[in-house]
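What follows draws every value from the coordinates through simple rules; no lab data is involved. Just so we're clear, the structure is a prediction, and the values are computed from it rather than from any experiment. Quick reminder, even Gly has a Cβ in these numbers, built from the backbone with ideal geometry, and neighbours come from all protein chains shown.
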Amino acid sequence: MPIAPAARAPGLIKLSWLVRLHWLAILGQTALVVGVHLWVVPLPLGVLMGLVALEAVMNLALGVWLARASHVSDAALAAVMLIDSLVLAALLHLSGGHFNPFSTLFLVNVALAAILLPPRWSWAQVGFSLAAFGALFPLQELAPFGVHEHEAMMTLHLQGMWVAFALAAVLIVTIVQRVTRALRAREAELERARSLGERREKLTSLATLAAGAAHELATPLGTIAVVAKELERSLQRSSATAEVRADLALIRAQVVRCRDILQQMAAQAGENAGEPLLPVPADEWIAAALDGLPERERVEAAPPAGAPCVVLGPPRGLARALKVLLRNALEASPPDRPVRVRAGLEGPEVLVEVSDRGTGMIPEVLARAGEPFFTTKGPGAGTGLGLFLARALVEQLGGRLTLESAPGWGTTARIALPAAGGRA
C-alpha cells in the first residue's frame, strides 16, 4: 500500500517560516533605509546597507542549512532570533538610536518568539530585546546619526511612530494568522491520521475476530445444518404442519446467513492484503463492479471523461468496493429511478462517482455511515460492513471515500484515488 511521506520536523517548519520572514524583512529594511535617506534625512547609507547585505548572506546560509538539516532544535531557532534582535539594534543605533521610532519592531521579534519557541526561550528573547533596546540610550552619543534639531526631529519621530506602529501591527497580525492557519491544518491532518489509524485498527481487529469466530463456529453451525437437514427429511415423511416446516427452513436459512457473514468478514477484511497492486483502468474497474450485480440493467454507466484513466490497486478489492456502493444505491433507489456511475480524471486523482435518487439520509445517519455493523437496512438485509471495508481499502490506497446526501435528494458516493501515471 502507498505510504504517506513522513511529516516534516516542527523545527524545520519553524526555520522555513523564519527564512521567508527574513527575506520580507530584508526587502522592507532596504526600502526604508533608501527611502529615508533620499527623502527624509541623510543616513550612513553604506554601513546600513552593509548590515542589510550581511543579513541576506546569513539568510542564504540558513536556507542551505534548511535544505540539508533533518532536525533543528529550539536552541538553534532561539539563537537565530537573538541574532535578528542584535542586527535590529545595530540598524537602529546607526539610524537615530533610541530616538528611531522603528524600535517598535522589537515587539515583532518578541511576538514571533512567543509563537515559535517554548517559554524559557521566549522569555530569553524578551530579556534580550529589552537589553538591546536599553543599550541604545547610553550608546546614543556614539551614534553616527544623532538628533540636532529637537523640534524638527520630534515631528519626524511622531510621524515615524505611526508608520512603525502600522508596520509592526501588520507584521504581528500576518504572523499570527499564518501560524493559526498552519496549526489548524496540522490539527486537521492529525485528526485524519488518527481516524485512519482507528479504522485500520478496527479492520485488523475485524479480521482477527472473523477468523476466530469462523474457526470456533464452523463446527456448531455445520452440526446445526446437518441436523436441520435430517429433521427436514423426517418431517417430509411425517404429517408435520406447514408452520413447523417453515420454521425449520428458516433455521437452515439463518445458518447459511451466519456462514455467509463469517465468510464476508474473513474474506473482505483479509483478502486484499494478499492481492497484488496492479494498474486498473477506470472503465475496467466499473465493468468488474457491474459483473454479477443484481439489477445491473438499472445502472447507467457513463464512459470516463476524455482518455481512460488508471488507478493502482488490487483489482478484485476495488471491484468489491465499488460494487458495495452500486448495490447500496440500487437498494435505495425506486425501481423506476436509474443509478448513475461515472469516472474521470480530476487533477492528480481519478474520481468515480455513484449517484442515486433515493430518499437520502438525515445528517445523523450520514455521520455514522461507514461505521462497522451500522446499517439502516432491515434485519437480515445487511451487516453494515460493506461500506466500512470499502472505505478502509480506499484509504489504504491513499484515497478517500466521501458521501453526500440529503433527505429527498438521494445520495452520491465518491471514490477518489491517486491516478497511476495520469491518463492511460
Margin query: With an 8 Å Cα cut-off and a minimum separation of 6 or more residues, compute the relative contact order for the stretch 78-134 in percent.
Written below: 48
Note to self: So, R0 is 51 Å and r is the distance between the beta-carbons of Ala75 and Gln236; what FRET efficiency does that work out to, to 0.05?
What the structure shows: 0.05
Next item on the list: Over all directions, average the projected area of the Cα convex hull of the stretch 1-124 and note it in nm².
Entry: 9.1
Item checked: Label-point separation, Val173 to Arg186 (7 Å along Cα→Cβ), nm -> 2.4
Checklist line | For Gln125, net neighbour charge (Lys/Arg +1, Asp/Glu -1) across residues whose Cβ lies under 12 Å away | finding: -1
